[in-house]
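Comments concern the structure below.
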Amino acid sequence: MRKHKVLRFLLPAFIAAILLAGGFSCSLTGPHNSSGPDTTSSNFTWTVDTIGGPGSILYDCSVINDTLAYAVGLVMPWDSVGRSNTFYWDNAAVWNGKTWRPMQVPFYYNGQKTFTTLYAVFAFGPNDILFSGGGDIEHWNGTTFTTDYSVNSVISGQINEIWGQSSSDFYVVGNGGTIVHYLNGSWTKVQTGTTLPFQDIWGDGGQVLAVGSDKFGLGGKYLVQLNGNTSVHLDDSIPTAVSLSGVWFVPDQKYLLVGDGVLTKDSLSSRIWHYDYNRTAASYYSFAIRGEGMDNIAIAGGYGDISFYNGAHWTEYKRLYNPIDQLRSVSIKGNVIIAAGIRTYSGTRYYGVVYVGRR
């Protein structure tokens, strides 16, 4: 069992002051709010649900289709008299297009079934899903769960995210500068040249990028491009005090980083990142970004903040704002957006929370 990932908190005034005082190569424009035609509607209908009793938290989510999605983390069920049951707990919730149901993703060690907090989920299809519990990988094939503990021989620390082409060719990224490549049954550690925790990874069109950053970015940030079992550290032109949590892109069209704001550029070879000083999208700290092409992109973050890009305009759903919610992940598929995270009451009582948008 590994410790929960430490929650990051936003210091907007402090970050803004450093950004304005420091010099860096960065455009003062927003995230290109008119780069194409309006090709999709921004008119989503939203529902918000809490998952589990006190002590619950959600770290990641994945939309598979309009009637199937998963959110993972730690889910403390309510007992028969309405108290959080600390002796029996789940580590995921499954959505059927209408409601959420807590579930258990088991891990098997020496034939014994165990359960642990889940930090990442990545779905290739409804019957081909990877789950990560700390530093271990669990695969669901539609019938059975299979645990792979062999990654522990090459990993150091917790796995934070998963991305891949298939369940036989994928990467995991995590704490301690860890990136590990799984290919046809073998794990290979990728040398990254950093000990910063990698927060996110995304790939498309043969390009794969991973972003590392510590709390508030004060210890640095690190962007690498992956090619098989090797990595290349990309340019350092990202603003000095910007912490990064997410990466997503369409090759040779648009590259986006999120964290303390939104940064974009059109070419991977360019050293100029356009920083959105006007907060055209993502008014609060952004933990995650995902998309389907240039006209279907979603960002989620602190205060229940969700922004959507339809190919021409950003829409920020400010009516959803809730100061006690932090949305740690987001997933988008077709006409469904799901964001998952934590709802905190009085700093001590917390619950899993999911936002579902449908259009």
Inset, instruction - For residues that are assigned to a loop (DSSP other than H, G, I, E, B) and either of a type in the set (Asp, Glu) or within 18 Å of residue 122 (Cβ to Cβ) (or both), tally how many sit in region 207-227. - result: 1
Legend entry - Count of residues meeting criterion [among the small types (Gly, Ala, Ser) and loosely packed, with under 13 Cβ neighbours inside 10 Å] in region 89-112: 2
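A quick yes/no check of all residues on (1) in a loop (DSSP other than H, G, I, E, B); (2) among the aliphatic types (A, V, I, L, M):
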position	(1), (2)
232	no, yes
238	yes, yes
246	no, no
249	no, no
312	yes, yes
Inset, instruction - Give the residue that is surrounded by the fewest Cβ atoms within 10 Å (Cβ to Cβ), with candidates limited to residues of region 271-302 that are of a type in the set (A, V, I, L, M) and assigned to a strand (DSSP E or B). - result: 298
Legend entry - Single unsatisfied condition, residue 225 versus (1) of a type outside the set (Phe, Trp, Tyr); (2) closer than 15 Å to residue 247 by Cβ; (3) open to solvent by less than 30 Å² (accessible area, probe 1.4 Å); (4) at pLDDT 95 or above: (3)
Inset, instruction - Assess whether residue 119 counts as being out of contact with any Cys (no Cβ under 6 Å at 6 or more places or on another chain) and open to solvent by 60 Å² or more (accessible area, probe 1.4 Å). - result: no
Legend entry - Some residue of region 180-191 being of a type in the set (A, V, I, L, M, F, W, C), closer than 15 Å to residue 136 by Cα and either touching a Ser or Thr at 6+ places or on another chain (Cβ under 9 Å) or without any contact (Cβ under 8 Å) to a residue 40 or more places away in the chain (or both): yes
Inset, instruction - Determine whether residue 331 is open to solvent by less than 10 Å² (accessible area, probe 1.4 Å), assigned to a strand (DSSP E or B) and hydroxyl-bearing (Ser, Thr, Tyr). - result: no
Inset, instruction - For region 10-25, indicate whether the set of residues that are modelled with pLDDT of 60 or more, touching a Lys or Arg at 6+ places or on another chain (Cβ under 9 Å), surrounded by fewer than 14 Cβ atoms within 10 Å (Cβ to Cβ) and not in a strand (DSSP E or B) is non-empty. - result: no
Inset, instruction - Return a yes/no flag: does region 218-232 have any residue that is closer than 28 Å to residue 46 by Cβ and either among the charged types (D, E, K, R) or under 15 Å from the mean Cα position of the chain (by Cα) (or both). - result: no
Inset, instruction - Would you point out which residue out of 278, 335 is at negative phi and at pLDDT below 95? - result: 278
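The values are calculated or read from the model by the stated rules, or taken from the named source; none is laboratory data. All values derive from a computational prediction rather than experimental measurement. FYI the Cβ positions are ideal-geometry reconstructions off the backbone, even for glycines, and counts take in every protein chain you see. Note: areas computed on protein heavy atoms with side chains; ligands, DNA, RNA excluded. Shrake-Rupley method; radii C 1.70, N 1.55, O 1.52, S 1.80 Å.
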